[in-house]
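**Q** Got a structure for you, questions after.
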Amino acid sequence: MQSLSSASVCVTELPGAPNPSPRAKKAQDEEADIAGREYLSPSKLREVSGCCDLSQLARLELQVDSSETSLGNFGQYLPRLHELRLVHSVLGCVRDLGTSLHGLRVLWLSHCCLRDLDGLGSLSLLQELYLAFNEVSDISLVTLLSSLQVLDLESNCVHEEDQLGYLGLCPSLHTLTLAGNPLTTSLKHQHGGVEGYRACVMAALPQLRVLDDVAIAIATVPPPATPPLLAEREQLNELATPTEHRTFESIPRAKSAHIIRSHTPTSQYAHTHAHTHTHTMQVTTLQVLSLWIVAVN
């Protein structure tokens, strides 16, 4: 065997430029290369959607298997896509959808064998998320969706009550489906049935308006009662209104008449000085009525 010390190196000079510039790929070659690697190519998107101009496509529905076909960043071809339906697809996690679906508002991922919500943060404008019949147990990443309004988690694997706390950080969430999760069953056992379960969820998520497809009755708040002192003042002002010609005889007699008599001016005094002491008369009337109310009470 030849030793390392006696090894030799042979250098061969090539004619012409040693580092030729590579030929730039054309768009057709790049698309064919992507299709050959089983990517979701623009031509495939046109075929599935029936739309020639992908830049105008707002809604897309298809079925894919991310274990066989890579979706790549297909969202870059669909800048106006608002709704995406991938029902009955096969996805490992949300990250399989890429990171370029920035304008997406509605996402359907029901029956997709989904276990992980990793990558959900790239869908920052998402308002409706349908994840029914998957295997999701951790929903903490929904806190990244500040605009989320509708969340369907029916028949998943959510079993910890602490997961409700994450949903509480979604201020716009008004519709939630939890039926079919282990958490739903455990809350029903702990709180005595369906009503107890609903009360527990509503206490944790006061912003909800619909739970498991059933509207939540919002208690009607009665108008605040008039304070007693204010009510008494309004009654006295009404009785002392100058436009009403009331006499002391029309005022109900108190049980302790001597209290009123000691402060009631005589009719002669009231007749003689009515034209000069109208204001004084009104004040005296208020005093009499106040004493009468105290006496009756």
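**Q** If you go through the range 138-170, how many residues are out of contact with any Gly (no Cβ under 8 Å at 6 or more places or on another chain), open to solvent by 40 Å² or more (accessible area, probe 1.4 Å) and in a helix (DSSP H, G or I)?
**A** So the answer is 3.
**Q** When you go through (1) over 13 Å from the mean Cα position of the chain (by Cα); (2) within 17 Å of LEU205 (Cα to Cα) one by one for VAL142, which number turns out not to apply?
**A** (1)
**Q** Something else: Being crowded, with 19+ Cβ neighbours inside 10 Å and out of contact with any strand residue (DSSP E or B) (no Cβ under 9 Å at 6 or more places or on another chain) is the filter here, so list the residues in the range 171-183 that pass it. Before you say what the answer is, go through the steps one by one.
**A** Residues of the range 171-183 that are crowded, with 19+ Cβ neighbours inside 10 Å, as a first pass: 173, 176-178, 181, 183.
Across the range 171-183, the qualifying residues are ASN181, LEU183.
**Q** Could you list, in sequence order, the residues of the range 171-188 that are more than 16 Å from TYR130 (Cβ to Cβ) and not in a loop (DSSP other than H, G, I, E, B)?
**A** Hits for the range 171-188 are PRO182, LEU183, THR184, THR185, SER186, LEU187, LYS188.
The values are calculated or read from the model by the stated rules, or taken from the named source; none is laboratory data. Given the structure is predicted, the values throughout are model-derived calculations rather than measurements. Methodologically, a virtual Cβ is constructed for each residue, glycine included, from the backbone with ideal geometry; neighbour enumeration extends over all protein chains shown. Accessible surface areas use protein heavy atoms only, side chains included; no ligands, DNA or RNA. Shrake-Rupley method; radii C 1.70, N 1.55, O 1.52, S 1.80 Å.
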